[in-house]
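Take a look at the structure below.
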Amino acid sequence: MVMSRAKVTPLKQLSIPRLELMAAVLGVRLSQTVRENHTFSISRVVFWVDAEVVLSWIRSDQRRYKQFVGFHIGEILSSTRIADWWWVPTKLNVADQLTKWGKDPKIHPNSSWIKGPQFLYISEEGWPKKNLPPANMTEELRVHLLLHDVKVPANLVDADRFSKWTV
């Protein structure tokens with residue numbers, strides 16, 4: 001482990017999908033910090049997330065979503081590739097040890113918090129996989145409302161202005 005971070009939910013109430021999105025953004029920022037402040041070469045970065053909706057948003061066109069989601073997806077995609085994002089089951093998500101499974105995570109040299117989950121030590125074919133929901137999910141879609149106000153005059157042509165109808 002090079003660096004880790006946990007964050008408390010903001011006081012302003014946000015939906016769970018938005019909080020998961022903020023966690024993904026935090027992961028991207030953390031990755032950038034590590035790359036900028038260390039001299040060792042990093043050949044590949046993999047981001048793990050257990051929120052299916054976030055993965056769907058990342059694989060979608062961010063311009064379709066409300067400003068909050070679109071802005072954060074844009075930040076994620078400006079620094080990462082879609083192929084860098086993988087799904088992990090909640091029970092195998094090491095980050096949840098700090099927030100969901102107890103207040104006192106076991107942080108010792110051989111813990112999954114320090115070494116990562118066991119599946120990372122096997123080939124990529126053995127990593128968790130799931131059929132993800134389709135891209136462009138309907139949550140947080142931008143509302144498109146078009147209003148037209150058409151005024152049609154009673155008489156399109158004022159017949160009193162002309163002396164004859166033919167030229």
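The values are calculated or read from the model by the stated rules, or taken from the named source; none is laboratory data. Since the structure is predicted, the reported quantities are computational estimates derived from the model, not experimental observations. Reconstructed Cβ throughout: ideal geometry from the backbone, glycine too, with neighbour counts over all protein chains shown. These accessible areas exclude ligands, DNA and RNA; they are computed on the full protein's heavy atoms, side chains included. Shrake-Rupley method; radii C 1.70, N 1.55, O 1.52, S 1.80 Å.
How do 20, 125 rank by accessible surface area computed with a 1.4 Å probe, from largest to smallest?
Output order, biggest surface exposure first: 125, 20.
For the peptides 42-49, 68-75, what is the packing order when you average, over each peptide's residues, the other Cβ atoms within 10 Å and list the highest mean first? Write down the numbers at each step before the final one.
Working: 42-49: 13.4, 68-75: 17.5.
In descending order of packing, they fall as 68-75, 42-49.
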- Message: As an exercise, use a Förster radius of 45 Å and the Cβ-Cβ distance of residue 11 and residue 150 to find the FRET efficiency, rounded to the nearest 0.05.
- Response: 0.45
- Task: Compute from the Cα atoms of the stretch 12-120 the Rg and the Dmax, the latter being the longest Cα-Cα distance, and quote both in angstrom.
- Result: 14.9, 44
- Item | Amide N of the stretch 4-27 lying under 14 Å from the label point, which is placed 7 angstrom from the Cα of residue 111 along Cα→Cβ | 4-6
